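Working notes, structure below.
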Amino acid sequence: MTSMATRDAYGQALKILAEKNEKVVVLDADLSKSTKTADFLKVCPERFINVGIAEQNLMGIAAGLATTGKIPFASTFAMFATGRAYEIIRNSIGYPKLNVKVAATHAGLTVGEDGASHQAIEDISLMRSMPNMVVVNPADGVEAKAAILSAAEYVGPMYIRLGRSKVPTIFDENTYKFELGKGIVLSEGSDVSILATGNMVSKALEAAEELSKEGISARVINIHTIKPIDRELIVKAAKETGAIVTAEEHSVIGGLGSAVAEVLSEECPVMMRRIGVQDTYGESGDGDELMEKYGLTSNKIAEASRELVSKK
Amino acid sequence: MRDKKELQQIANGLRKDIIKMLCESKSGHPGGSLSACEILSVLYFDEMNIDPKNPNMEDRDRFVISKGHGAPVLYAALAERGYFPKEELKKLRKTGSMLQGHPDMKGTPGVDMSTGSLGQGFSAACGMAKSAKISNDDYRVYALLGDGETQEGIVWEAAMFAAHYGLDNLTAILDHNGLQIDGKNSDVMNISPIEKKFEAFGWNVIEADGHCIESIQNAIAKAKEAKGVPSIIIASTTKGRGVSFMENEAGWHGAAPSEEQRDEALEELRRCMQND
């Protein structure tokens, strides 16, 4: 199976946008080699802006650029984008509904060895609760690239969550089509639905395969857009399978699990389990080991699914 | 250039509108609005290339009131300039009004950037100026900062940025009235020597009397001459200027006048306009 980091896809997409859309401006805060905006710098230095180590100003400058018709992609690590610069994003980008794309890399536990200070596991929650903000969390490189190209077409503030580590490629670049706000059913199933986002999507597929060996039919849905969330697809899954498991590389508070629970509690309450970081900080370590230690695995997804099916 | 006397009369007229609208809404920030009346009079009635009939004209000069609590002086200037009927001023801060407590670019014609959280407008103004450099547009960007506002870290991130990218199409104006909510700048958190700080950050620093039309006009002219560097006009002002019981009183940063106080203030401003 091929694999690719979503941040690498970001760099590739930016190179395409450099040629395709002259309104696109890329900003970074001294992390261009890590966030892959350096790929854009190489081909389009005149529309690349390094603001230095100043994430608040990164967002303020992006807001100013957007008021004049530019399409700024403001990039830094997810922790600093959504944490340090939260209020600038809220008041200078979200509130005036400016056309800024906050492209945040190194999200989640898989940033790894840098440890808890760098592991953004509340970013989806922070961005999701902000009016006007669209939140996208791609599952693989193909989806990330398509999402970023699509972001340049969408007019309004958008948060795009990207990862540091390689993730298995799920989609075929030749056939994949990104549709904002629409979940993707990756495998049909009738006993339980696993709703996953980001790098947990491939793990959800592994879990479903495991479950099928035991005779449990699991539906796997990729929720790449956390906001606006695909209510229709979620309710349909709940009605048809009667049990929902969510999986995300994020705190179980405020992210995909919470978003899905909100929809279900209002429209179709069913049994539910949330796989994610259990209200704790991360730590330094190898990304895969951390995912194991904090319970973000296909085994945990399968376990939660089994439990729900047995209770039905 | 417009007649100085006429611009001074406009400034005094803005003061009257500020007092009236704050009394009407029973809330708002008079002190830092009254201190900036001459500055906005010069910008909106003499200096900036703008068109009230076409507020979003692409090549217009931009004005960002980074000290967003100065909204009343901005609204008074916009209404006077014809962006919207003066009647709207009566609805300041009221539910459903287009005149929010702090400027909202989506709600009010002529507002170039939503502000209110200090320092953010300045950063956005730098982004606007940088945008013009990228696409070779020749509009200019003006940002009005409060002196207390310079205590925010983002101000210095933006100041560093503007100098680094040589944004000579950007002119910042510091409304230096020396007071903030909790008292004097020098007591709360000393910003002095503010001129030297901006100089050290690579800015062209120009000093001006913020209540003298000619001094502001000269300072803006000097700022436009500077090439390759952003300019800041340190405008010495008096908080609450023009209403003697408000002048130099930190308590009038964010308090509305009663009807009696309004009448007293308007009477003083009327006498002042007759004398000018």
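The values are calculated or read from the model by the stated rules, or taken from the named source; none is laboratory data. Just so it is clear, the structure is predicted and the values come from calculations on it, not from any experiment. Cβ: placed from backbone, ideal geometry, glycine included. Neighbour counts: every protein chain shown. Side chains are part of the model used for accessible areas, which takes the heavy atoms of the whole protein and leaves out ligands, DNA and RNA. Shrake-Rupley method; radii C 1.70, N 1.55, O 1.52, S 1.80 Å.
What number of residues within region A:227-248 are open to solvent by less than 10 Å² (accessible area, probe 1.4 Å) and in contact with a Phe, Trp or Tyr (Cβ under 9 Å, 6 or more places away or on another chain)? The number of residues fulfilling the criteria is 0.
Filtering region B:245-259 to residues that are part of a helix (DSSP H, G or I) and charged (D, E, K, R) leaves only B:Glu259. Of all residues in region B:32-64, those satisfying the criterion of being aliphatic (A, V, I, L, M) and closer than 14 Å to A:Thr67 by Cβ are B:Met57, B:Val64. Considering B:Asp112, B:Asp187, the condition of being of a type outside the set (A, V, I, L, M) and not in a helix (DSSP H, G or I) is satisfied by B:Asp112 alone.
Does A:Ile148 meet the test of being buried (at least 24 other Cβ atoms within 10 Å of the Cβ), at pLDDT 95 or above and within 11 Å of chain B (Cβ to nearest Cβ)?
Details: buried (at least 24 other Cβ atoms within 10 Å of the Cβ): yes; at pLDDT 95 or above: yes; within 11 Å of chain B (Cβ to nearest Cβ): no.
Here the answer is no, as A:Ile148 does not meet what is asked.
Give region A:93-120 a look and list any residue that's in contact with a Leu (Cβ under 7 Å, 6 or more places away or on another chain) and either in a loop (DSSP other than H, G, I, E, B) or of a type in the set (A, V, I, L, M) (or both), or say none. Within region A:93-120, A:Ala103, A:Ala104, A:Ala107, A:Leu109, A:Gln119 meet the criteria. Filtered by the rule that a residue be within 9 Å of chain A (Cβ to nearest Cβ) and more than 19 Å from the chain's Cα centre (by Cα), region B:157-189 gives B:Glu157, B:Met160, B:Phe161, B:His164, B:Tyr165.
Number of residues in region B:223-260 that are open to solvent by 40 Å² or more (accessible area, probe 1.4 Å), out of contact with any Leu (no Cβ under 6 Å at 6 or more places or on another chain), touching a residue at least 24 places away in the same chain (Cβ under 8 Å) and closer than 13 Å to B:Leu34 by Cβ: the value is 4.
Within region B:111-156, count every residue that is open to solvent by 10 Å² or more (accessible area, probe 1.4 Å), more than 7 Å from chain A (Cβ to nearest Cβ) and at positive phi. Qualifying residue count for the region: 1.
For region A:21-92, which strands (runs of 3 or more DSSP E) that fit wholly inside it have 3 or more residues that are open to solvent by 40 Å² or more (accessible area, probe 1.4 Å), at the interface with chain B (Cβ under 9 Å from one of its Cβ atoms) and not aliphatic (A, V, I, L, M)?
Numbers: elements: A:24-28, A:48-50, A:71-77.
Those strands (runs of 3 or more DSSP E) do not exist here; none qualify.
From the list A:Glu188, A:Glu214, A:Glu173, which one is of a type outside the set (A, V, I, L, M, F, W, C) and not assigned by the TED database to the domain that holds A:Glu289? I'd like the intermediate steps shown before the answer.
Values: A:Glu188 fails: not assigned by the TED database to the domain that holds A:Glu289; A:Glu214 fails: not assigned by the TED database to the domain that holds A:Glu289.
None of the other options fit; the residue is A:Glu173.
Being β-branched (Val, Ile, Thr) and surrounded by fewer than 23 Cβ atoms within 10 Å (Cβ to Cβ) is the filter here; which residues of region A:274-291 pass it? Passing the criteria: only A:Thr280.
Output the residues belonging to region A:215-226 that are surrounded by fewer than 18 Cβ atoms within 10 Å (Cβ to Cβ) and touching a strand residue (DSSP E or B) at 6+ places or on another chain (Cβ under 9 Å).
Matches in region A:215-226: A:Ser217 only.
Looking at the structure I just gave you, is A:Ile148 in contact (Cβ under 8 Å) with a residue 40 or more places away in the chain and under 15 Å from A:Ala66 (Cα atoms)? Reasoning before the result, please.
On the way: in contact (Cβ under 8 Å) with a residue 40 or more places away in the chain: yes; under 15 Å from A:Ala66 (Cα atoms): no.
No.
Would you kindly identify the helices (runs of 4 or more DSSP H) lying entirely within region A:122-237 that contain at least 2 residues that are small (Gly, Ala, Ser)?
Correct list: A:141-153, A:200-213.
Screening B:Gln100 with (1) under 23 Å from B:His29 (Cβ atoms); (2) open to solvent by 10 Å² or more (accessible area, probe 1.4 Å); (3) more than 13 Å from chain A (Cβ to nearest Cβ) gives one miss only, at (3). The residues listed here are A:Gly276, A:Gly295; of these, the one that is part of a loop (DSSP other than H, G, I, E, B) and of a type outside the set (Asp, Glu) is A:Gly295. When region B:157-178 is filtered for residues that are in a strand (DSSP E or B) and open to solvent by 20 Å² or more (accessible area, probe 1.4 Å), only B:His176 remains. For region A:105-120, taking the residues that are crowded, with 24+ Cβ neighbours inside 10 Å and either small (Gly, Ala, Ser) or without any contact (Cβ under 8 Å) to a residue 40 or more places away in the chain (or both), the one that is farthest from the other protein chains (Cβ to nearest Cβ) is identified as A:Gly108. Give B:Glu207, B:Glu195 a once-over and let me know the one that is modelled with pLDDT of 95 or more, part of a helix (DSSP H, G or I), open to solvent by 30 Å² or more (accessible area, probe 1.4 Å) and in contact with a strand residue (DSSP E or B) (Cβ under 8 Å, 6 or more places away or on another chain). None of the other options fit; the residue is B:Glu195.
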